[in-house]
Structures are given as C-alpha cells and as structure tokens.
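Read the structure below first, then the notes.
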Amino acid sequence: MTTTTTATTDAATTDSRTTDLTTDLTTGIAAAEAARTRLDFGKAAPKVFRAIIGFDAAARQGLDPALVELIQIRASHLNHCAYCLHMHTNDARKAGENEDRLHMVAVWREARHFFTPKEQAALALTEAVTLVADGGVPDAVYAEAAAHFDDQELAHVLALILTINTWNRVALATGKVAGADERTG
C-alpha cells in the first residue's frame, strides 16, 4: 500500500510541476509579447507579407513535409531564430516526426544514421545557403544535393531555404517571441 501511495503522490507532484511550468511559460510568453515594441510586419507591409507566404507555399510544393521541417529547423538553428525554431519543431512533431531526429538536427553530421542520404544532402545545402557569406555554396555540396533531387525538386529545396531564411530575418528583426505562433492568432 505504501508503494501505491508513493507512486500516486509522485504522479500528482509531476502533474503539478508540469502545470506550474506550463502556467509559467504561458505567463512568460504573454509578458514578452506585451513588452515587444517592434512593428507588426504583416500589418505594416501586408502585400510583402502575403508575397512571402505565397513564395513559401510555392517552395513547399512537391517536397516531403518531413524534409520541409528539417530544412526549416536547421536554418532556424543557424540563424538563432527561436521563434521559427519553436514553430517548426512543433510542426514537425504534429506531423509525426521522431523526437530523436528533432534533437539530432543541429548535430546531423555526427548523427548521420538518423537521416537519409537525401536528407543529409538537403541539410548540407541548407547550411551552405544559410551561411553563404562564409564561403559560398561549395560545388561538392551542390553536386551532392543535385544527385538526390531532380531539377524541379532542387529548385524547390533552394526556394524553401530562401524562404525560411527570409522568415528568420523577419522574426528576428521584428522581435517575434518564441512560443507565440502568430499563424493561429
């Protein structure tokens, strides 16, 4: 009977901590949003905002949704965009992505066995394009991606990399708050 009582008490304590953490997180997000002083890009430039949304939607066409999220997660890591990183890891989870893979995206080169060769080629291309000022897009990286994607797919992968880099820059420049997915509100 003591074991059952202890287990029940431990479960109740865990549930209480989870509720407290969720409440603290929600309160923190609301406070950060209230403190945000930067412009609302979508309201200030609605035609530009809709054009980026259209570009993003067109880029995704024909690509595996799991690959889309991996690319967006990796670029968001590299750009230090917490807002987009939070959004796209949640989107990946909702789409059924494996939690282990999500944790390995930032270190995919050291954990290649979590990713297909095609995904690895896309992640390498994502890094090269995102960090283009550090040395361009090496021929070997481009050739590896071209070996895994036909011309149309490769163009869509490149477009997706360009759109997530644009979204990262919009989010960072306008002070978007991680945890506040404004697509739903």
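Coordinate-derived values only; no laboratory data. Just so we're clear, the structure is a prediction, and the values are computed from it rather than from any experiment. Every residue, glycine among them, receives a Cβ derived from its backbone with ideal geometry; neighbour counts consider all protein chains shown.
Below 8 Å, C-alpha to C-alpha, sequence gap of six or more: please give me the relative contact order for the stretch 28-156 in percent.
Relative CO of the stretch 28-156 lands at 23 percent.
Which net charge results for the neighbourhood of MET104, defined as the other residues with beta-carbon distances under 15 angstrom from its beta-carbon, given Lys and Arg at +1 and Asp and Glu at -1? Once all neighbours under 15 Å are counted, the net charge is -2.
The distance from the alpha carbon centre of the stretch 43-114 to that of the stretch 143-185 is 6 Å, rounded to a whole number.
In this Cβ point-charge picture (+1 for Lys and Arg, -1 for Asp and Glu), the stretch 65-154 has a dipole of about 280 debye about its Cα centre. In a reduced charge model with +1 at each Lys and Arg Cβ and -1 at each Asp and Glu Cβ, the stretch 108-185 shows a dipole moment near 300 debye about its Cα centre. Put +1 on the Cβ of each Lys and Arg and -1 on the Cβ of each Asp and Glu in the stretch 126-185; which of ALA140, THR130, THR166 then has its Cα farthest toward the positive end of the dipole? The residue sitting farthest along the positive end of the dipole is THR166. Which is farthest toward the positive dipole end of the stretch 57-185 among SER76, ALA111, GLY175, measuring Cα position about the Cα centre, with Cβ charges +1 (Lys, Arg) and -1 (Asp, Glu)? The residue sitting farthest along the positive end of the dipole is GLY175. Beyond 25 Å in Cα-Cα separation lie the following of the pairs LYS94/LYS118; LYS47/LYS118; LYS118/LYS176: LYS47/LYS118; LYS118/LYS176. Peptides 156-166, 49-59 ordered by packing proxy, namely the average of other Cβ atoms within 10 Å per residue, highest first: 156-166, 49-59. When peptides 125-135, 167-177 are ranked by their average number of other Cβ atoms within 10 Å per residue, the highest-first order is 167-177, 125-135.
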